[in-house]
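J.: The structure under discussion is supplied below as structure tokens; questions concerning it will follow.
The values are calculated or read from the model by the stated rules, or taken from the named source; none is laboratory data. All values derive from a computational prediction rather than experimental measurement. Don't worry about glycine lacking a Cβ; one is built from the backbone with ideal geometry, like all the others, and counts go over all protein chains shown.
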Amino acid sequence: MSRVNCAGERGAALVIGLIMLVLITLMLITALNLGTTNYRAMTNMQFRAEAISAANKAIEQVISTPFTAAPAAETINVDIDNDTDTDYQVDVAVPQCISAAPASSADPSSLSLPTSMTVSSTWNTVWDIDATATDTASTGTRARVRAGVRVLMPEADKDVVCP
């Protein structure tokens with residue numbers, strides 16, 4: 001029987017094992033980074049959606065008031081999650097009258113209007129409302145929302161606020 005000399009192969013398994021361990025570690029670190037990046041992207045999308053929702057809520061609040069009587073800028077605090085803490089501060093710019101046109105026909109809702117607001121004396125006015133929401137948690141989230149609103153106004157009021 002002859003004996004084969006394996007002296008040159010000592011430690012090769014250890015080196016190959018260490019190389020495989022390094023490769024597996026690099027794959028795990030890459031997978032962790034990809035997962036973290038996706039989480040950050042989803043969090044940013046959620047913050048942006050919340051800011052847009054806060055701006056829309058502030059615009060709805062402005063629209064529900066008689067804002068055409070005296071258009072003015074205002075700051076509205078919005079609590080998205082109803083925990084009594086302000087989550088977003090929304091700055092609503094002065095509503096701008098974009099256009100005005102005589103109302104051509106009465107809407108069904110016009111039946112309940114006073115007689116002074118007949119079809120001939122009413123105007124369809126179009127308003128631009130611009131709102132910018134900024135979070136109060138200092139995450140840097142900002143969103144700007146613009147909305148257009150049509151308001152039926154008597155001619156005397158239209159002449160004052162919508163030249």
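J.: When you look at Thr122, is it exposed (fewer than 15 other Cβ atoms within 10 Å of the Cβ) and modelled with pLDDT under 90, yes or no?
T.: Numbers: exposed (fewer than 15 other Cβ atoms within 10 Å of the Cβ): no; modelled with pLDDT under 90: yes.
In short, no.
J.: Related question: Can you tell me which residues in the range 65-109 are over 21 Å from Pro154 (Cα atoms), outside any strand (DSSP E or B) and at pLDDT 95 or above?
T.: Ala73, Ala93
J.: Only one residue in Ile16, Ile59, Ile63 is over 47 Å from the mean Cα position of the chain (by Cα) and surrounded by 10 or more Cβ atoms within 10 Å (Cβ to Cβ). Which one?
T.: Result of the check over Ile16, Ile59, Ile63: Ile16.
J.: Might you let me know whether the range 74-87 holds any residue that is more than 18 Å from the chain's Cα centre (by Cα), among the hydroxyl-bearing types (Ser, Thr, Tyr) and surrounded by 15 or more Cβ atoms within 10 Å (Cβ to Cβ)?
T.: No: the range 74-87 contains no residue that is more than 18 Å from the chain's Cα centre (by Cα), among the hydroxyl-bearing types (Ser, Thr, Tyr) and surrounded by 15 or more Cβ atoms within 10 Å (Cβ to Cβ).
J.: Quick test of your reading of the structure: Ala55 fulfils all but one of (1) under 30 Å from Val160 (Cβ atoms); (2) part of a loop (DSSP other than H, G, I, E, B). Name the failing condition by number.
T.: The number of the failed condition is (2).
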